[in-house]
1. For the chain, what does -39500 (n - 2.57) per DSSP helix run (n ≥ 4), summed and divided by total residues, give at 222 nm, in deg cm²/dmol to the nearest 500?
2. Using the Karplus curve 6.51 cos²θ - 1.76 cosθ + 1.60 with θ = phi - 60°, what ³J(HN,Hα) values do you get for each residue of segment 13-21, in whole Hz, with x for Gly and Pro?
3. How high is the relative contact order of the chain, in percent, counting Cα pairs under 8 Å that sit 6 or more residues apart?
4. Counting other C-beta atoms within 10 Å, which of R406, R305 has the fewest, and how do the rest follow?
5. For a quick protection proxy, order the peptides 272-282, 179-189 by their average other-Cβ count within 10 Å, most packed first.
6. Provide the per-residue ³J(HN,Hα) series for segment 195-203, in order, calculated from phi with Karplus coefficients 6.51, -1.76, 1.60 and θ = phi - 60°, each as a whole number of Hz, with x at glycine and proline positions.
7. Taking the Cβ of each residue in I240, I435 as the centre, tally the other Cβ atoms inside 10 Å and list the residues starting with the fewest.
8. Ordered by packing density, taken as the mean number of other Cβ atoms within 10 Å over each peptide's residues, highest first, how do 357-364, 412-419 rank?
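Just so it is clear, none of the values below were taken in a lab; they were calculated from the coordinates. Just so it is clear, the model here is predicted, and its values are computed rather than measured. Note that each Cβ is placed from the backbone with ideal geometry, even for glycine, and that neighbours are counted across all protein chains shown.
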Amino acid sequence: MERIKSLRLLACAAVAGALAVAGFAPLQMFPLPLLSLAVLFALWRRAADAGQAAALGYAWGLGFFLAGVSWVYVSLHDVGGMAAPVAAAATLLFCAYLALFPALVGASYRHLRSERSWIDALLIAALWTGAELVRGGLFTGFPWLALGYSQTPPSPLAGYAPLLGSYGVGFVATLATAAALFAGRRPIAWLLPLALLVGGAALRPLVWSEAAGAPIRVSLLQGNIPQSLKWDPRRLDLSIRTYLQLAREHPAQLTVLPETAIPLFFEQIPPEMLAALRGDGELLLGAVMRLGDDGYANGAVTVDRDGRTQRYLKRHLVPFGEFVPPGFAWFFGLVNIPLTDFSRGAQQQPPLPVAGQQLMPNICYEDLFGEELIAAVPTATLLVNLSNTAWFGDSLAQPQHLQIARMRALETARPMLRATNTGMTAAIGPDGQLIAVLPAFTRDALSVEVRGYRGITPYVHYGNAGVLLLALLALLPALAKRWWRPR
C-alpha cells in the first residue's frame, strides 16, 4: 500500500512537471508553471526524508524536460538522421541529466527546512535559483526553460527583468509561489507574494532606454530551406535563388540573412552575389568563415555599399553541434551534421557600425546566455540574432527560442531582430513586446522600420551578480537556524 502511494506521488509530480511546459511559448499560460511548482513544493513539505524529496524532484524534472525539450529527438532523428531508438535513448538520457537539478533542490530543501514558513520560502527560492544558475553554466550550460522565461509579458513579473535578468525573474516567481503556498490562513503572510506581484506590475511601465539615431528600414529574410537540402551540393542553387529573390523583392537599408544562409564559406561567395543581396543598402549575412590554419568559424559578416566587410565570430558554441566534446568523436558517426569542429570567437567583440546603428550580432544558441551579451550593450543600439532553426524541425523549440529572445530585449532595453531559416523571424521592441513575426515554415521577408536605443538597465550594469546576491541572502536564514539550533 505504501509503495502504491509513493508511485502515485511520483506520478503526480511528473504530470505537474509536464503541465508546466504550457506556461512557456507557444501557449504562454504564465501562471501554470507557478501552480506546477506549488504542487511540487507541497509534495516536498510532506516528504518523509531527503531521499523521497529528491525522487519527487526527479519525477517532476523528467516530466518537465521530456515534454519541454522533446525537440532534441527531432534534431537527432528527424533532421540529424540518427536511428530512432538511439535518438530516443539519447533524449531520455539528456532529460534524465537535467532532472537531477530539481532532484538536488528537493533533497537540499528537505535537509535544510525549518518550522518557519518565511524561512522555507526564502530557502526554496534560493535553492531553485542556484540550481538554474548552475544548469546554465555547467558543461557549457543549458539554461533552456529556466523558470524566468515563462514570465515574459503579459506576466507582471516581467517587470523585474531589466533589474535582475531572467534568473532574477525566476527567483521572484519561485519566492512568490512558495510564500503563497506556505502562507496558509494567515492574512499577513500573503503580503509578500502580493507585494512581489504588484511590484513587478509597477515596474513594467518604466522606460530604461531612449531612441538613438534615425529609424532604418530592415528586411529579415526567411528562406525556409529544409536542413536535408541545405548542405546538398546539388541544391546549392536553391539557397542562392531563394535569397536573391527575397532580397530583390524586399529592398531595405539593411538586409539580414540568417545563420549559414548560403551554404558556402564566405570567401567562396562571389562579390557580385553579395552586391545583389545588398541592393542599395547594407547587408548582414550569417556565414561560415575560414580562419587560415586555425580552421573555420561560425559568424556574421556585414557588407557596406563599397563592399567593405566587418565580422563577428560566434563565441558560445553548441556541444555535439559545433564542437566535439572530449571522448565523443564516435557520436558523429551516428548523425549527419556538417562542420562539427568550429573555432571560438574572442570573448570581447565590439558592435558593428551598420546603417547608422551599432549592431551586436549573436548566433542561434548564443542568445540563451544573457550574461554574455551585456558586455557589448552599453555601446550597441540593436541586437540581431541569426539562426538556422531548421535543426529543430517542427517542434516547440522555435516559439521557445523566440520567447528567450524577448527576455534578452527586456533585460537590455534594446530591440532584438531575428532572422531565421525556418522561423520564427521577428522584430522585438525594447519592452519585450513583439513588433512583428513571420509564420514558421514560410518563405518570406519581414520588412520593419526600427530604431536603435541607448541606455543602461541595472541588469546590464550588474549582470547575474544581483540575483546571485539575493539567492545567497535568502539562503542565510535557513543556514543560520540550522547551525545555531540548540543541541
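1. On the way: 15 runs with 207 residues, N = 487.
That comes out to -13500 deg cm²/dmol.
2. So the J values, rounded to whole Hz, are 5, 5, 5, 4, x, 5, 5, 4, 4.
3. 18 percent
4. Details: R406 24, R305 12.
Ordered by Cβ neighbours within 10 Å, fewest first: R305, R406.
5. Ranking the peptides 272-282, 179-189 by packing returns 272-282, 179-189.
6. For segment 195-203, the Karplus-derived couplings read 5, 5, 5, 5, x, x, 5, 5, 7 Hz, x marking Gly and Pro.
7. Ordered by Cβ neighbours within 10 Å, fewest first: I435, I240.
8. Going by the mean number of other Cβ atoms within 10 Å, highest first, we get 412-419, 357-364.
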